[in-house]
1. Could you tell me whether Phe212 is buried (at least 19 other Cβ atoms within 10 Å of the Cβ), of a type in the set (Phe, Trp, Tyr) and farther than 23 Å from Thr280 by Cβ?
2. Scan Leu366, Leu420 and give me the residue that is among the aliphatic types (A, V, I, L, M), part of a strand (DSSP E or B) and at pLDDT 90 or above.
3. Please go through the range 149-191 and pick out each residue that is basic (Lys, Arg) and either in contact (Cβ under 8 Å) with a residue 12 or more places away in the chain or closer than 18 Å to Gln7 by Cβ (or both).
4. Kindly indicate whether Tyr348 is assigned to a loop (DSSP other than H, G, I, E, B) and surrounded by 22 or more Cβ atoms within 10 Å (Cβ to Cβ).
5. From Ala400, Ala380, which residue is modelled with pLDDT of 90 or more, under 23 Å from Asn8 (Cβ atoms) and either touching a strand residue (DSSP E or B) at 6+ places or on another chain (Cβ under 6 Å) or of a type in the set (D, E, K, R) (or both)?
6. Can you report the number of residues in the range 1-33 which are of a type in the set (Phe, Trp, Tyr) and buried (at least 24 other Cβ atoms within 10 Å of the Cβ)?
7. Check Val334 against each of (1) part of a loop (DSSP other than H, G, I, E, B); (2) crowded, with 18+ Cβ neighbours inside 10 Å and name the one condition it does not meet.
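The values are calculated or read from the model by the stated rules, or taken from the named source; none is laboratory data. What you see is a predicted model; the values in this text were computed from it and never measured. All Cβ positions, even for glycine, are placed from backbone atoms using ideal geometry, and neighbour counts span all protein chains on display.
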Amino acid sequence: MELSPLQNDRAAGTLVAMAAGDALGSGYEFGAPLPYGTPVDMIGGGPFGFAPPNGPTTPPWPFPLAECLLAQARTVEAGEPVDWTAAARAWTAWAREAKDVGSQTRSVISAARRLAEGTDDAEPTAAQFVVASAAHLERTGRAGGNGSLMRTAPVDLAFLARPEADLARAAAQASALTHADPDAVDAGVLWCLAIRHAVLTGRLDVRVGLAFLDADRARLWAQRIAVAEASRPRDFSNNGWVVEAFQGAWSAIASTAAGREGPAHLRAALEDAVRGGNDTDTVAAIAGGLLGAAYGISAVPFEWRRRLHGWPGRNAVDLQRLGMELGAGKGPRVGSWPNIDRFDHSPYVSPSAIEVVTHPADPGVLLGAAAAVSRDDYDAVVSLRRMGIADANVPAEDHARFWLIDSSVPEDNAHLEFVLQDAADAVAAFRAEGKRVLPHCVQRAISMTPSSYRTATRRPFDRAFPSSS
């Protein structure tokens, strides 16, 4: 699917904001609700002892789904059934050593493994997962955990170009792998369709999927949504149940929307989701997927993106790539941005243009063009344009990436003032750590982007370096 620049930004933001919500909540998991206004941060710790920076829960679930769907992009495009086995087997491998596996999920995975014993593969298939999931529901009568809702975001990205009915069907199938309860299935359908709507339109509307439920179920969920909008996350203390996890996430979004939009709303809603207590990481991850779909990766502050990591060694750049590739619907885009090691800047600037100038207020800040990243005399990079995965000679956490578009159309750059301030804050944060920083765009002092950064929008930069006014 050919996405606009803003839709690309939102596709990238869906998985990144979901991971940010998970990482914010993990240090507070199973705790009591926090008073309104209590600061929330990626503190790590929590009941599973995750060390900050942290992104432990979200990556295991969405990544197998995302990679399974990405590999079958042509299948999805043709409207053929998805084979979910790759995702099921990746979850099986993860659950052997992972700390934070829900009891229902662990039970279903164990049962699926037993079904696979003695077969040719000896590894469970998606069909065996479905059988184990249905048996768990029949045996316990309680199979409405929140795990399948937390992992839904990749499904909607893969089905952006397909009719809504196809996405609803796929969301139900993805849920039924481990969570066959009708509440879990319905919640996944509603949240997936809301995310799809947000990526395509930029609007938050969790009711768009009600038409794809049976009439009685749609009325029930409409009532549940109304209750969420009249409540706060702390009111849903049983948020391990998928219904209250859904309500907690939506109440966090709805209750913080007044007077806020974009980055301000994303931050306020995720922090409020965490303050709700109990299953904080899952509720915040659910909310993050929808908020990122509406506001994009440009609304997720670098301080959060920088600190994301998780199983198996993934970071925010990996999540951005996966989100954009899924949204494009053509499969892996190896060799084209964002799935490229090094971006070819030669059409815009000579590779030999590696000269830099020092900022007049701080010699620890080097201003240069894109080619300057080939130097080795810096410790951190702030990029204001598209970059390859391995372009800069620094660790991923020391490379602040901002995707500005040289365009005369204001709408092509989401949250421009926030992004510029966030870039300046990244420079200031790196300098506070004693790092020598290279902020750059394409062509120093020539193209529209550095002009915007250095002169036309001096105010954000000068908040980081007041003496440069």
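1. Numbers: buried (at least 19 other Cβ atoms within 10 Å of the Cβ): yes; of a type in the set (Phe, Trp, Tyr): yes; farther than 23 Å from Thr280 by Cβ: yes.
Yes, satisfied.
2. On the way: Leu420 fails: part of a strand (DSSP E or B).
Answer to the selection: Leu366.
3. Of the residues in the range 149-191, the ones basic (Lys, Arg) are 151, 162, 169.
Hits for the range 149-191 are Arg151, Arg162.
4. Details: assigned to a loop (DSSP other than H, G, I, E, B): yes; surrounded by 22 or more Cβ atoms within 10 Å (Cβ to Cβ): no.
When the stated conditions are applied, Tyr348 does not pass them.
5. Going through Ala400, Ala380 in turn, the sole match is Ala400.
6. Start the filter on the range 1-33 by keeping residues that are of a type in the set (Phe, Trp, Tyr), which leaves 28, 30.
Now restrict to residues that are buried (at least 24 other Cβ atoms within 10 Å of the Cβ): 28.
The qualifying residues number 1.
7. Among (1) part of a loop (DSSP other than H, G, I, E, B); (2) crowded, with 18+ Cβ neighbours inside 10 Å, the lone unmet condition for Val334 is (2).
Every residue, every condition in (1) among the acidic types (Asp, Glu); (2) crowded, with 19+ Cβ neighbours inside 10 Å; (3) at pLDDT below 95; (4) closer than 21 Å to Ala294 by Cβ, yes or no:
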| site | (1), (2), (3), (4) |
| --- | --- |
| Ser148 | no, yes, yes, no |
| Thr152 | no, yes, yes, yes |
| Ala158 | no, yes, no, yes |
| Ala168 | no, yes, no, yes |
| Thr201 | no, no, no, yes |
| Ala228 | no, yes, no, yes |
